[in-house]
Every structure is written in structure tokens, then in C-alpha cells.
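Notes follow the structure.
The values are calculated or read from the model by the stated rules, or taken from the named source; none is laboratory data. Small disclaimer: the values here were computed from a predicted structure and weren't measured. Methodologically, a virtual Cβ is constructed for each residue, glycine included, from the backbone with ideal geometry; neighbour enumeration extends over all protein chains shown. The protein model used for the area step is the full one, side chains on, heavy atoms only, and it has no ligands, DNA or RNA in it. Shrake-Rupley method; radii C 1.70, N 1.55, O 1.52, S 1.80 Å.
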Amino acid sequence: NAGVMQNPRHLVRRRGQEARLRCSPMKGHSHVYWYRQLPEEGLKFMVYLQKENIIDESGMPKERFSAEFPKEGPSILRIQQVVRGDSAAYFCASSGLAARYEQYFGPGTRLTVT
Amino acid sequence: QKEVEQDPGPLSVPEGAIVSLNCTYSNSAFQYFMWYRQYSRKGPELLMYTYSSGNKEDGRFTAQVDKSSKYISLFIRDSQPSDSATYLCAMSGNAGGTSYGKLTFGQGTILTVHP
């Protein structure tokens, strides 16, 4: 499967716990993007990363959220001390260098905070 | 005012109808215009992208961009029940701009094609 991989597909956390979402880009892609989709809302940009670099984090909440894309391994979106309002579908997308508007999405991780 | 406005519908049409989906936008820096299809509880699937103004056709799908009016459309000909999904428009700025690589989405239009 050469598509964008995300895991876990479903994640349940209690308030105050940490959530770690993982994303492996499509083969040959070196740019990763994270988006959040809240119920009844559209997709909202969170962060754009290259290997070992954060390019644009203008959509990331200022606290509790962080993202990384290490030299080896998947990109990680980390949410510390989760609250009920963090419950959403989190999607990862990837692109090549030359066409960063041409983004392909993974199946998403559905986070539920109880 | 949102940067991208999209009528959420829902839109219900009979099989075989021509469907027109539209978005308007306010940011003149947008240069790339995409349409995604999203089935329930799945990830968005890229249907088409267009650069600047003009038309682009791919099978039963035609994308149109009118930058002077800040208006984009997706037409689906001979619609099928399998086209039933949420359709999302998305936009991005040009290389070198602050919005390049950062897609701004419309809210999505829910489409149902009934047999």
C-alpha cells in the first residue's frame, strides 16, 4: 500500500491523558500536513512539516499540541492533557516537493476524549 | 467572513442529473484550486486541481475557476449513486507565498444521488 498511512484509526483517551497520532507519508513524499475536522465543521489546517523541520505551524493551538517529523520514522502529532474539545478526526496528508498543493490524505485518526 | 464559503447543502439529485457544486473565496492570493470527495468516515480523496483561471475536464468531472469573480465550480455529469459523498473545495497560494502548502477548505457540500 503506497498511500498515506495513519494509526491508530481510533483512539480513546480520558481527560488529562496524552494522545499520540502517527502518520507515514506516501512513498516518495517528503512533506506532511496535519488537519483537524471537528463535527459539523470543515477541515482546518494545523501544521506543515518536512523531515526534521516545521515549515508552518500557524494552525496549531498554542498549548498542548506539538508535531514532529523525524529523520527516520513517521510524523507524530502529540496532544498533551487532552480535553473533550479535542475530540475530532485528525487527518494527515502528504505531497511531493514540486506540487505542495497536490495533497493526498490518509484515512484519519478519530480521537474521542471521555 | 470565512476565506472560503461553500453551501453545505444537502443537495439531492436523481441519477443521471448534472450536479453543480460551488465555492467563493475572498483571498486573492489563492492560485491553486482543488476538489476533494469524502465518503462518510473516510479520508478526503483528491478529485482534481486547477491552477489559476480556466477549465479542466476529467471524465465526468469538470472544474472551472473564475478568479475575477473569486468563484470556482465543479460539475458532475451523468451523476451516479456512487457519487454520493461530501465534496470539499480547497485552495492554496503560490510557491513562495505564506499560504503555499496550507490548504484552506470550504465547509463541504453533502451530495446524494438517488437511483
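By the scheme Lys and Arg +1, Asp and Glu -1, what is the net charge of all other residues having a beta-carbon under 11 Å from that of residue A:52?
0
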Which of the GluC sites (Glu not before Pro) found in the range A:37-90 are loop residues per DSSP with 12 or fewer other Cβ atoms within 10 Å of their Cβ?
A:40, A:41, A:52, A:63, A:72
Where does each of B:18-24, A:105-111, B:57-63 land if you order them by average Cβ count within 10 Å, highest first?
A:105-111, B:18-24, B:57-63
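Where does each of A:62, B:67 land when they are ordered by accessible area, with a 1.4 Å probe and the largest first?
On the way: A:62 185, B:67 50 Å².
Putting A:62, B:67 in descending order of accessible area: A:62, B:67.
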Between residue A:99 and residue B:40, what's the calculated FRET efficiency when r is the beta-carbon distance and R0 is 41 Å? Round to 0.05.
0.90
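Shape verdict for the range A:54-114, please, from the Cα gyration tensor: rounded (a/c under 1.5), prolate (a/b greater than b/c) or oblate.
Values: a/c = 1.99, a/b = 1.63, b/c = 1.23.
Here the range A:54-114 falls in the prolate category.
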Around residue B:85: net Lys/Arg minus Asp/Glu count, Cβ-Cβ under 13 Å:
+1
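For the range B:65-104, count all C-alpha to C-alpha pairs, find those more than 15 Å apart, and express that count as a whole percent of the total.
Working: 472 of 780 pairs.
Percentage above 15 Å: 61.
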Neighbouring partner chain Cβ atoms per residue of A:97-108, average, 10 Å criterion:
6
Mind listing, in residue-number order, the residues in the range B:82-108 that have at least 20 Å² less accessible area with every protein chain present than in their own chain alone (1.4 Å probe)?
B:100, B:101, B:102, B:103, B:105, B:107
Dividing the mean separation of Cα pairs under 8 Å (6+ apart) by the residue count of chain B yields a relative contact order in percent of 36
Quick one: if you stick a label point 7 Å off each Cα along the C-beta vector at residue A:9 and residue A:112, how many nm between them?
1.5
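Rule-of-thumb check for chain B: C-alpha Rg over 2.2 N^0.38 Å? Don't skip to the end; give the middle numbers.
On the way: Rg = 13.7 Å, N = 115, 2.2 N^0.38 = 13.4 Å.
That ratio works out to 1.03.
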Over all Cα pairs of the protein assembly as shown, the Kirkwood radius sets Rh, and Rg/Rh then becomes 0.97
Give me a single rounded figure for B:31-42: the average over its residues of other chain Cβ atoms within 10 Å of their Cβ.
2
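Restricting to bridges with both residues inside the protein assembly as shown, how much of the DSSP beta-bridge set is antiparallel, in percent to the nearest 5?
Values: 73 of 81 bridges.
Of those bridges, close to 90 percent are antiparallel.
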How far is it, in nm, from the label point at residue B:71 to the one at residue A:84 when both lie 7 Å from their Cα along the line to the Cβ?
4.3
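In peptide A:58-64, how many Cβ atoms from other protein chains are near each Cβ within 10 Å, on average? The partial results should precede the final answer.
Values: counts 3, 2, 0, 0, 0, 0, 0.
That average works out to 1.
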Spatial separation of Cα centroids for the range A:1-27 and the range A:49-110, in angstrom
10
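Could you check how many percent of all C-alpha pairs in chain A are farther apart than 26 Å?
Details: 790 of 6441 pairs.
Tail of P(r) above 26 Å: 12 percent of Cα pairs.
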Inter-label distance, nm, simple model (7 Å from Cα along the C-beta direction), residue B:12/residue A:62:
4.6
Here the net charge surrounding residue B:30, from other residues whose Cβ is less than 14 Å away from its Cβ (Lys, Arg +1; Asp, Glu -1), is +2
